[in-house]
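Quick notes on the structure that follows.
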Amino acid sequence: MMKPVMHLNALALVTLTMLELFSMNQAQARGFGPTPAEIAVLPPFCKAKLSPDPTDDQQFMATIGVGWGDIHHYCYALNFTNRYYQDYVDKPTQRDDLNQAMGNYNYMFSHAPPDFWMLPEIHTQKGRLLAAAKRYTEAVSEIEQALKGNPNYAPAYAELSDIYADLGQKQKSVAALEEGLQHAPDTVSLQRRYKQLTGKTFVPPSGAEQAAQPFNSSGPVAETPAQQHAPTSSAAPANSAPAATPEKIGEPGNPYCRFCP
């Protein structure tokens, strides 16, 4: 009577082993670095940084600033984040994607200057990935770090609101949006979330003024079909061409973002 159970256990073990081997082979075939197709959906500065042509760097070196030397680690983190969403049916590979992304995000935090202007964006991207992995406490901590570095960074408020909404904490979700909208009342992503949750358009308190918004990067990680959350840079040589300023196509707090939340 025990034989069928033993056979089922053996079959399950074989299936699990085959899945693990498939995951390893897939990861090895894809490699650590982004493929050309993966690079195509990364922000423009990643395409330049990962290009073998050094002249591609000059457009972004001055814009990114002191973090340019290490910015490829952020690009790797964004790419492993994209892979994480794509590999949702392959849990072993997805776990590896998560670990690789976390390692590269953390590399930026340990090597970039503490006043590096892109840190709020990087903290927000890490927080978004942690939330997708249901590590909500860590995700909130990352968003708090982002807002500590830049209280005007609208995508961080959007992500914080999404986290609380996922947890069923509507009051906190709305409060995060209200705080963000007091800094940037014209932010489309925040207004959209606020109306979805409250049925109203946010009107800032009388006398409130929109804070000045710092320049932001040309776009965080591209959203993939499997992604559940609504989405949300060393100086150039003296003889190099000045960094081109992209067209402002985003919104307050992230005016150059092509993949805004």
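The values are calculated or read from the model by the stated rules, or taken from the named source; none is laboratory data. Since we're looking at a predicted model, the values are computed, not measured. Surface accessibility is based on the protein's heavy atoms, side chains included, excluding ligands, DNA and RNA. Shrake-Rupley method; radii C 1.70, N 1.55, O 1.52, S 1.80 Å.
Need the full-extension length gain, residue 148 to residue 192, defined as separation in residues times 0.36 nm minus the C-alpha distance. One decimal, nm.
Here the answer is 13.4 nm.
Under a 1.4 Å probe, what is the accessible area of region 79-141 per residue, stated in Å²?
It amounts to 40 Å² per residue over region 79-141.
Would you please classify the overall shape of region 60-186 from the alpha carbon gyration tensor, given that a ≥ b ≥ c denote the square roots of the eigenvalues, rounded means a/c under 1.5, and beyond that prolate means a/b larger than b/c while oblate covers the rest?
Because a/c hits 1.5 or more and a/b fails to exceed b/c, region 60-186 counts as oblate.
Tell me, what is the 1.4 Å probe accessible area of residue 178, in Å² to the nearest 10?
Estimated to the nearest 10 Å², residue 178 gives 60 Å².
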